[in-house]
Every structure is written in structure tokens, then in C-alpha cells.
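The values are calculated or read from the model by the stated rules, or taken from the named source; none is laboratory data. Just so it is clear, the structure is predicted and the values come from calculations on it, not from any experiment. When we count neighbours, we look across all protein chains shown, and the Cβ atoms used for this are built from the backbone with ideal geometry, even at glycine.
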Amino acid sequence: MNFLRRLPRQLWHLFVDDGQSVAILLCWVLVACGLLPRFALGVWSGPILFAGIAAITFGSLRPRG
């Protein structure tokens, strides 16, 4: 029974190491998907979305201390 209670948490930690980075990434994707089509950037929307995700991901790799 304990295994079944711990299973969701273990699965979460398997895929998510830093909850704050996940929250920021989700916010970026939601904002970008809402705003980028309004600017009619055409083929540039994808690279802008990718650049934001890459910047957030690389920003979360810097040492904290």
C-alpha cells in the first residue's frame, strides 16, 4: 500500500528535478503560444519559442549558491 501512495511522487521526481524551472517553462509556453500568433511572425514563431525554452533551460543550469 505504501508503494501505491509513493508512486505519483516518484514518477514526478523521475521527470522533474526543479519545480521552479518547470513552472517558468510552462508559463513561457503558454504566453508564447498566446502571443506569437498575434504578431504574425510566420516561420519565426517556432525559433522564438525554442530560443525562450533554451534560455530558460540554460539559465536553470547555472550554479546556485
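Run P8 past the list (1) exposed (fewer than 10 other Cβ atoms within 10 Å of the Cβ); (2) modelled with pLDDT of 90 or more and report the number of the one that doesn't hold. It fails just one condition, (2). For the range 23-45, filtered to residues that are of a type in the set (G, A, S) and closer than 29 Å to W12 by Cβ, the residue that is surrounded by the most Cβ atoms within 10 Å (Cβ to Cβ) is A32. When V16 is tested against (1) touching a helix residue (DSSP H, G or I) at 6+ places or on another chain (Cβ under 7 Å); (2) more than 17 Å from L61 (Cα to Cα), exactly one condition is not met: (2).
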